[in-house]
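This report concerns only the one structure given below.
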Amino acid sequence: MQGIGKAFFVSALVYGVIGILLGLHMAMSKNHGQMPTHAHVLVIGWLSFAVFGLFYSAHGHAVPRLLAAAHFWLAQISLAALVVGLYLLYSGQTQYEPVAAISSLGYATSFLIFVAVALRAMHQRSD
Ligand code: HEM
Ligand code: HEM
C-alpha cells in the first residue's frame, strides 16, 4: 500500500480505534447518548475510509492525482469536523449544530468527487 490508498487506510484504522473506544465508553457508562457519533465514526471513518483505501490501492493509478487529493482532503477535514460537531451536539451543546451541518455538506461533496473518481476508473481499460 502507498500514497492516498495507504493514507485512507491508516486513517480508517485510527477512526476504528476511536469509534470502538467510544462504543466501550457508552456501554460501560450505560449512557448511549453518543450513539450517532459512535455510528458515524465507525461507518464513515472505519468502514467507508477502509473501502476508499482499498479502492485507491487497487485503482489509484487510474485516478488523476488532483482529483484523488481533493477527495482525500475534503473527506478527512469534513469527517474530523463532523465527529467533533456530532460529539458536541449530542453532549447537549446545540449551538454547535452548524459545525455538524456544514461538515455534513463537505462530506457529501467529497463523496460526489469519489463518485466521479470511481466512474472514471471503471471506464478505463483494465488490460
Ligand atoms: C467493542 C466494540 C463496540 C462496542 C462496545 C459498541 C457499543 C455500542 C453501543 C452501546 C451502541 C448503542 C446501542 C443502542 O443504544 O441502541 C452502539 C450502536 C451502534 N454501533 Fe457499536 N459498538 C462497538 C463496535 C461497533 C463497530 C465495529 C461498528 C461498525 C463497524 C459499530 C456500529 C454501530 C452502529 C451503526 C450503531 C447504531 C445502531 C442503531 O442505529 O441502532 N459498533 N454500539
Ligand atoms: C455526512 C452526511 C450524513 C448525514 C448528515 C447523516 C445524518 C444522519 C442522521 C441525522 C441520523 C439519525 C441520528 C439519530 O437521530 O439517531 C443518521 C443515522 C445513521 N447514519 Fe448517517 N448521515 C450521514 C452520512 C452517513 C453515512 C455515509 C453512513 C454510512 C456509511 C451513515 C450511517 C448511518 C447509520 C448507520 C445511522 C444509524 C445510527 C444512529 O441512529 O445513530 N450516515 N445519520
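Sort Lys6, Lys30 so that the residue with the fewest other Cβ atoms within 10 Å of its own Cβ comes first and the one with the most comes last.
Values: Lys6 14, Lys30 6.
Lowest to highest Cβ neighbour count: Lys30, Lys6.
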On a 0 to 90 degree scale, rounded to 10, what angle separates helix 97-122 from the longest Cα axis of the chain?
-> 20
How long are the three semi-axes of the equivalent ellipsoid of the chain, in whole Å, if each is the root of 5 times an eigenvalue of the C-alpha gyration tensor, listed from largest down?
-> 30, 16, 10
Between the helical axis of 3-29 and the dominant principal axis of the chain, each derived from Cα atoms, what acute angle in degrees is found, rounded to the nearest 10?
-> 20
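Counting only helical runs of four or more DSSP H residues, what would the 222 nm mean residue ellipticity of the chain come to if each run contributes -39,500 (n - 2.57) and the total is spread over all its residues?
So the helix-based figure for the chain works out to -25500 deg cm²/dmol.
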Working note, the range 32-76: Cα radius of gyration (Å, one decimal) and Dmax (Å, whole number) are 13.2, 43
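Taken together, the values in this text are just the output of simple stated rules run on the coordinates, not laboratory data. None of the values given here were measured: they were computed from a predicted structure. Every residue, glycine as well, gets a Cβ built from its backbone with ideal geometry; the counts of neighbours run over all protein chains shown.
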